Amino acid sequence: MQLRLTGWMAAPVLALLAFGTSAGAQVLTTGPEAKAFTPAEIEAVPVPALAFTVTPQIAGDFDKYYYFHRDGVSFDEAFADLSECDRLSSGLASYSGASEPYPGYYASQYGVGGVIGGVLGEMFADMIHGSAARRAMRRVNMRNCMGYKGYQRYGLAKDLWEAFNFEEGNGRKDEDIRTAKLMQQAKVASGPKPQTEVLAR
């Protein structure tokens, strides 16, 4: 049985997933119905390179750079799962950054210049710290969401990961780029079982 949640109900559910859930359960479906791809469309999706030599330095970044796979899943289902988790994770990956001690603080203390300086300070702080926090939060949410759907995680070298993945800090990727990358991720997730070691959740 599938539980279908939409709108404001979806975010709290994934937030709960961040605290950990049992893997393998049939999970929520949100957003539009899953797309059915033709065999020709699937065949046209480039298969990313996954072969690399593991070094301690590369392995130390497996919490950032990895891909998903699930035995027996179809390309259509993998794309739907990745797209759903991406939608939920992107929506939750927010970071407030610094803020005024209380509304009007900068104006009362420093006048108009203080207001402008305070706003610029918050913008720069968010650009530096907020971007990294959003990327980290999205990674955690994707891991939990896909793990809940029964996918296993495999480490990958950074340069190979960057060829078919994306990160978002201060803005959302163009939808065409996003879809193309998710299709490549689905090609991997539904492809042959990896021969490398499964990573812990």
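Any idea how many residues of segment 59-78 are over 10 Å from Val188 (Cα atoms), within 20 Å of the chain's Cα centre (by Cα) and either surrounded by 12 or more Cβ atoms within 10 Å (Cβ to Cβ) or among the polar types (S, T, N, Q) (or both)?
Taking segment 59-78 as the starting set, the residues that turn out to be over 10 Å from Val188 (Cα atoms) are 59-66, 71-74, 76-77.
Those still in the list that are within 20 Å of the chain's Cα centre (by Cα) too: 59-66, 73, 76-77.
Okay, now just the ones that are also either surrounded by 12 or more Cβ atoms within 10 Å (Cβ to Cβ) or among the polar types (S, T, N, Q) (or both), so 59, 61-66, 73, 76-77.
Residues that pass the stated criteria total 10.
What's the total number of residues in segment 49-76 that are outside any loop (DSSP other than H, G, I, E, B) and in contact (Cβ under 8 Å) with a residue 12 or more places away in the chain? Outline the logic, then answer.
Narrowing segment 49-76 to residues outside any loop (DSSP other than H, G, I, E, B): 56-59, 66-69, 75-76.
Those left that are additionally in contact (Cβ under 8 Å) with a residue 12 or more places away in the chain: 58-59, 66-69, 75-76.
Within segment 49-76, residues that are outside any loop (DSSP other than H, G, I, E, B) and in contact (Cβ under 8 Å) with a residue 12 or more places away in the chain number 8.
Conditions (1) β-branched (Val, Ile, Thr); (2) without any contact (Cβ under 8 Å) to a residue 24 or more places away in the chain; (3) surrounded by fewer than 19 Cβ atoms within 10 Å (Cβ to Cβ); (4) within 17 Å of Ala189 (Cβ to Cβ), marked per residue:
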position	(1), (2), (3), (4)
Arg134	no, no, no, no
Arg143	no, no, no, yes
Gly150	no, no, yes, yes
Gly155	no, no, no, yes
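No lab work stands behind these numbers, since they all come straight from the coordinates. The model shown is predicted, which means the values in this text are computed figures rather than measured ones. A quick note on method: Cβ atoms are made from the backbone with ideal geometry, for glycine too, and the neighbour counts reach across all protein chains shown.
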